[in-house]
Every structure is written in C-alpha cells, then in structure tokens.
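The values are calculated or read from the model by the stated rules, or taken from the named source; none is laboratory data. Predicted model only: the values in this text are computed from it and were never measured. A quick note on method: Cβ atoms are made from the backbone with ideal geometry, for glycine too, and the neighbour counts reach across all protein chains shown. Please note that ligands, DNA and RNA were not included when accessible areas were found on the heavy atoms of the full protein model with its side chains. Shrake-Rupley method; radii C 1.70, N 1.55, O 1.52, S 1.80 Å.
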Amino acid sequence: MKEMKDVKIGVVGLGYVGLPLARLFSTKFATVGYDMNQARVDALMAGHDATLEVADDLLQDAIRNHGFVCTTDLEQLRSCNFYVVAVPTPVDRNNTPDLTPLVGASETVGKVISKGDIVVYESTVYPGVTEDDCIPVIERVSGLKYNVDFFAGYSPERINPGDKEHTVEKILKITSGSTPEVAELVDKVYNTVLVNGTHRASSIKVAEAAKVIENSQRDINIAFVNELSKIFTLMGIDTQDVLAAAGTKWNFIKMNPGLVGGHCISVDPYYLAQCAQRLGYNPEIILAGRRMNDGMGAYVADQTIKLMLKKGIQVLHSDVLIMGFTFKENCPDVRNTRVIDIYHALEEYNVNITVYDPWANPAVVKHEYGIDIVSELPGGKYDAAIVAVGHKEFRKHEVNMDALLKDNHVIYDVKAIMPREMVDGRL
C-alpha cells in the first residue's frame, strides 16, 4: 500500500464535480485532470472555467504554482496511482439510469491502472454499481484482479452548482474503501484537503446508498410543497404566506415550491427507484414525488394561460417572455432544466415565446434543447412574463418590467422573488 507522500491523483471527468475537486487536490498532491473534450481542456489550460465553479485566479494558480495539468492524453494518466472518477450519471428519455459514461470512464481507468492502485468513484449511483458494474470493467480491460491487484473506494460528490458558500473544500464528505486499509487511506487523502473532514462509511454500498437518498429526500419534500401550492391556489390562499406561518414552528422543514431540475435532485430518485424495482419492491412515495415535480412546468404554463384569459388577453399568437432557463439561479448550468417543460407546454397554445437568460450559453441551449434563447434583455412588449429562475438580474430594481410588458399583462412568478403586488400568480 502506498504512503501518502507517494500519492499521485488522476481525476477522470472535468465537469462541475471533477474540476473543483482536481484543483483542490492539486494544492496537496501531484494531480492530472483528464477529459475527452479537447475544447474544454484547452479552455482550462488557458485559465478559464466556463462553468464558473472554479475562479480563474484559483485555476491559474493551480496550473502555474502547483503543476496542475488538464489533458485529453491518456498516457499522462498512466503515472497516477489514485484515480477519481467524476463523470455524469444521467437518465435516458424513459428515466432509466444510463451508466454509459461511468462504464466508459471505467474502461479509461482500466487502460492505465497498475498493481496497487486505487480508484475512487464520485458519480451518483444506486448501491452496488461501483463493485457490480464498474469494477468488472476495470478487471476486464486491465487484466488485474479486484482487491488483489487494485482497490476501490466511493466518495459521493456533494457539489451544488453556483454555491459559493458550500464549496468542495468545505463539504463534509463521505468516504469508503473496499478493504479497511484502503478505506483508511482514501479517508486520509480526502482529509488532507477538506476543512470539515469526512465521515467514513462502513462499506462502499452504504456510501452509495447515503448519496442516493440525500437528493431523493429533498425531491420528496419539494414535491410535498408543490402539491400544497396547487391546493392553496385552488383555495385562493398565498402559499408563501402559509409557509412563512408554518415555518415559525421549531421543527417545521422549510421548503419552497418550484421546478426541480439539474443533475441530482431530479435524477437520483430514479436510480434508487430502479434498484428497488429490481428487488421486487415498488417505491411508491419516491415515484409519486417524481411525477409531481416533473409536472410542474406544464402546471406553470397552464396557470399563466388561465390568468391571461381572466384578464381578457388574446392567447393565440400572444407574446410570452420566459425569464431564465438554467436549472437554478446565478449559474450557467442548463443540465436537465425543467424550464424547457414550460416552453413546450406554451407551444401547444400557439404563442410566440422569447426566452431570456443572462447566464445560460445560447449555443449550449441550442445544442442540448434545440431552441433559441437570448442573453441580452429583449426589446418589445409582452403579454405575459414568467419569472422561471431567480437570477439576481430579475429582481425588481434590475429589470424594468413596465418597459417589457403591455399595459394589460400577466406576470407569473415561479420563484416568488418579485413584490407580490406586481405579480398575478406565483407558486
């Protein structure tokens, strides 16, 4: 087993999770970051992270002063002995877990791993994937035997895109290993760079299970308040007023209704659900929560149209502005954004839709979703505006809504960020 001083880290996948972690590791260990996207690697080596998760000065310092290297060259990974896999784990159009990126990353590791090396997975999975799906791939490609020639660990990512408070070095991370000795070494490596330390799980499967329920729990809680929002709207009661009142109780769990997208909360429950269904158990609460949250985009569109009709606004060929497209506020991440559901639901009413988002990259949105958006404040007058994302630019003092909207108009505030007297409806 290697000593700490001998550890050289190779991070496979330089996205929202892999890059911040690789940059952090580079401050204490020799670190190589690997990604198949040449344009991404070139931009990083030029000192800029388009995801905005790592500040340019930190990235440039890591490259200049700590020898951090980002590459698409597999051979540069070969000198590493502690591999970290941080690739996406999405679902397909049928909400079935897609392990293709994980299998591909495991093949990559299998091509370069040597005897005595350790591979740690950070990607979100259901219990058993690391040892049942990933490790056999490494064994097949490398010809090495698990827990004899090489070893494994699991330390689930807890990155929150756009969050500058809970950054990777401040996150208390779960660690685990395939043997007690490996678990100890993995724990030590992570503790070297973390401010708030680690929690060492009793096994890799326990660590996998812990991760997948973190976001499933949040998904279910949001689904509950989304359902409450629908009920209170029918009653003519403001949901935010109800939540503010209920929130005065010491053990009330404070959640807000809204769209649930992104790479974690809207995806992880499907991983847990499939695992349960394979064992013959139907996870009713988990899937009910998913159905509720997946339907919120269409609900927002329908509520907006109803409000327009109540005000006598001609819906056919009307002009509707959607403000925000990213899956959350103040970050450029458009992965699995549910704002697209609002867009498609509005299309059914034959309205003219403009999507404005100062954070999202229009080229990325066009490639991923096939629609055009604008990143500059649009001109013209709109019949309705849907504030879909709580970007700081959308606060009352930064966007002149009067200049954007016709005299007779509707504002639907999904995020409840505007003064209540301005809006016609909100979740």
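Among the GluC sites (Glu not before Pro) in region 387-427, those located in a DSSP loop and surrounded by at most 14 other Cβ atoms within 10 Å of their own Cβ are E398. Once the Cα atoms are used to define both axes, helix 284-294 deviates from the longest principal axis of the chain by about 60 degrees. In terms of overall dimensions, the C-alpha atoms belonging to the chain reach 73, 49, 39 Å along their principal axes, ordered largest to smallest. Ranking N400, T179, F150 by Cα position along the charge dipole of the chain, where only Lys, Arg, Asp and Glu carry charges on their C-beta atoms, puts T179 farthest toward the positive end. Ranking V125, V389, T198 by how far each Cα lies toward the positive end of the dipole of the chain (charges on Cβ) leaves T198 at the top. Remark on V91: its backbone amide H falls under 5 Å from those of D98, a criterion applied only to residues 5 or more positions apart or on other chains, H modelled at 1.01 Å from N.
Applying a DSSP loop filter and a limit of 13 other Cβ atoms within 10 Å to the trypsin sites (Lys or Arg not before Pro) in region 300-391 leaves K311, K381. Give me log10 I(q)/I(0) at q = 0.22, 0.25, 0.27 Å⁻¹ for region 276-337, Debye formula, one equal scatterer per alpha-carbon, no solvent. Results for region 276-337 at q = 0.22, 0.25, 0.27 Å⁻¹ read -0.99, -1.07, -1.11.
Taking the C-alpha atoms only, the angle from helix 180-191 to the longest principal axis of the chain is near 60 degrees.
Radius of gyration (Cα atoms) of region 293-427, expressed as a multiple of 2.2 N^0.38 Å: 0.95.
The rule of thumb for compact globular proteins, 2.2 N^0.38 Å, goes into the C-alpha radius of gyration of region 260-368 1.27 times. Between the Cα long axis of helix 296-310 and the first principal axis of the chain there is an angle of about 10°, rounded to the nearest 10. Among beta bridges from DSSP that stay inside the chain, the antiparallel ones total about 5%. Normalised by residue number, the volume inside the convex hull of the Cα atoms of region 1-91 is 96 Å³ per residue. With the Kirkwood sum run over all distinct C-alpha pairs, region 121-175 has a hydrodynamic radius of 13.1 Å. Computed over the chain, the per-residue total of -39500 (n - 2.57) for DSSP H runs of n ≥ 4 gives a 222 nm mean residue ellipticity of -11000 deg cm²/dmol, rounded to 500. Charged side chains reduced to their Cβ positions (Lys and Arg at +1, Asp and Glu at -1) give region 60-200 a dipole of some 200 debye around its Cα centre. Look at where the Cα atoms of region 10-62 and of region 289-340 average out, and the two centres are 34 Å apart. Annotation: per residue accessible area for the chain equals 44 Å², rounded to a whole number [probe 1.4 Å, protein chains only].
Among the listed pairs K28/K170; K230/K328; K111/K188; K254/K415; K211/K254, those whose Cα-Cα separation exceeds 23 Å are K111/K188. Can you give the FRET efficiency for K366 and E284, using 1/(1 + (r/R0)^6), R0 = 35 Å, r = Cβ-Cβ distance, to the nearest 0.05? After rounding, the FRET efficiency stands at 0.35.
The DSSP beta bridges internal to region 316-401 are antiparallel in roughly 0% of cases. Averaging 1/r over each pair of different alpha-carbon atoms in region 175-251 and inverting the result gives 15.9 Å, the Kirkwood hydrodynamic radius.
Close amide-amide hydrogen proximity is noted between I411 and A385, D424, G425, each under 5 Å apart and 5 or more residues distant or on a separate chain (H modeled in the peptide plane; Pro and chain starts excluded). Nonpolar atom fraction for region 203-335, defined as the carbon and sulfur part of the 1.4 Å probe accessible area, stands at 60 percent. Both radii come from the Cα set of region 48-188: Rg as radius of gyration, Rh as Kirkwood radius; their ratio Rg/Rh reads 0.97.
The reciprocal of the average 1/r between distinct C-alpha atoms defines the Kirkwood hydrodynamic radius, which for region 83-129 equals 11.6 Å. Magnitude of the charge dipole for the chain, about its Cα centre and with charges confined to Cβ atoms of Lys, Arg (+1) and Asp, Glu (-1), is about 700 debye. For region 392-427, applying the loop criterion from DSSP together with a ceiling of 15 other beta carbons within 10 Å to the trypsin sites (Lys or Arg not before Pro) yields R395, K396.
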